[in-house]
Amino acid sequence: YMEKKPYIDAKRMGVTGGSYGGYMTLWTVGHTDRFKAAVSQRPVSNTVSFWGSSDIGFMFEPWSSQPMYEDIETYWQQSPMKYIKNVTTPSMFVHSEQDLRCVMEQGEQAFIALKQLGVDTELILFPNEHHGLSRVGRTDRRIARLNHMLRWFNQYLK
């Protein structure tokens, strides 16, 4: 839809989102190469490990009506990590070290996989911050987060 708008340069589109948006960003680049750069902020990358590592993972079961251990295949089918081998989009991951909602290992899994696959990637970790960094984090860290994202998009959306 957006690439058809007259003011959009379809050759210079980026994608970003945080939390569920981070999940969707990683899902998107695993299913299309139309974006030239991505910033996945505090994503869920692996719904199987999310189930047991997040403060809400065991209660948060939108992928199946059953717990993960009863329906692991459905959880895996809904994991961006299942499709990580398809990613060619340069992708940055932004996480907070104290995030208990979308824990750091979610971004680390995707980052390491893209490193192994030879895809340009970067992992930015913020100390002493939680899931709400973008809204209520320390001011200098919120500014640093935005500057990292701008740098990434400026590098790849030339």
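The values are calculated or read from the model by the stated rules, or taken from the named source; none is laboratory data. A quick note: this is a predicted structure, and the numbers were derived from the prediction, not measured. For neighbour counting, all protein chains shown are included, and Cβ atoms are generated from backbone atoms with ideal geometry for every residue, glycine included. We work out accessible area using only protein heavy atoms, side chains counted, and drop any ligands, DNA or RNA first. Shrake-Rupley method; radii C 1.70, N 1.55, O 1.52, S 1.80 Å.
Restricting attention to the stretch 49-105, report how many residues are open to solvent by 60 Å² or more (accessible area, probe 1.4 Å) and more than 17 Å from Gly30 (Cβ to Cβ). Step through it out loud before you land on a result.
Looking only at the stretch 49-105, we keep the residues that are open to solvent by 60 Å² or more (accessible area, probe 1.4 Å), and these are 52, 55, 58-60, 62, 65-66, 69-70, 72-73, 76-78, 85-86, 88, 97-98, 100-101.
After this cut, where a residue has to be more than 17 Å from Gly30 (Cβ to Cβ) as well, the list is 52, 55, 58-60, 62, 65-66, 69-70, 72-73, 97-98, 100-101.
Looking only at that region, the number is 16.
Has the stretch 27-46 got any residue that is open to solvent by 20 Å² or more (accessible area, probe 1.4 Å), touching a Pro at 6+ places or on another chain (Cβ under 7 Å), closer than 23 Å to Ser91 by Cα and not hydroxyl-bearing (Ser, Thr, Tyr)?
Looking through the stretch 27-46, at least one residue is open to solvent by 20 Å² or more (accessible area, probe 1.4 Å), touching a Pro at 6+ places or on another chain (Cβ under 7 Å), closer than 23 Å to Ser91 by Cα and not hydroxyl-bearing (Ser, Thr, Tyr).
Return yes when Glu122 is without any contact (Cβ under 8 Å) to a residue 60 or more places away in the chain, out of contact with any Pro (no Cβ under 7 Å at 6 or more places or on another chain), open to solvent by 40 Å² or more (accessible area, probe 1.4 Å) and part of a strand (DSSP E or B) and no when it is not.
Yes: the conditions hold for Glu122.
Yes or no, residue by residue, for (1) modelled with pLDDT under 95; (2) aliphatic (A, V, I, L, M); (3) within 23 Å of Ile124 (Cα to Cα):
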| position | (1), (2), (3) |
| --- | --- |
| Gly30 | no, no, yes |
| Ala38 | no, yes, yes |
| Ser45 | no, no, yes |
| Phe50 | yes, no, yes |
| Phe60 | yes, no, no |
| Ser64 | yes, no, no |
| Glu73 | yes, no, no |
| Lys82 | no, no, yes |
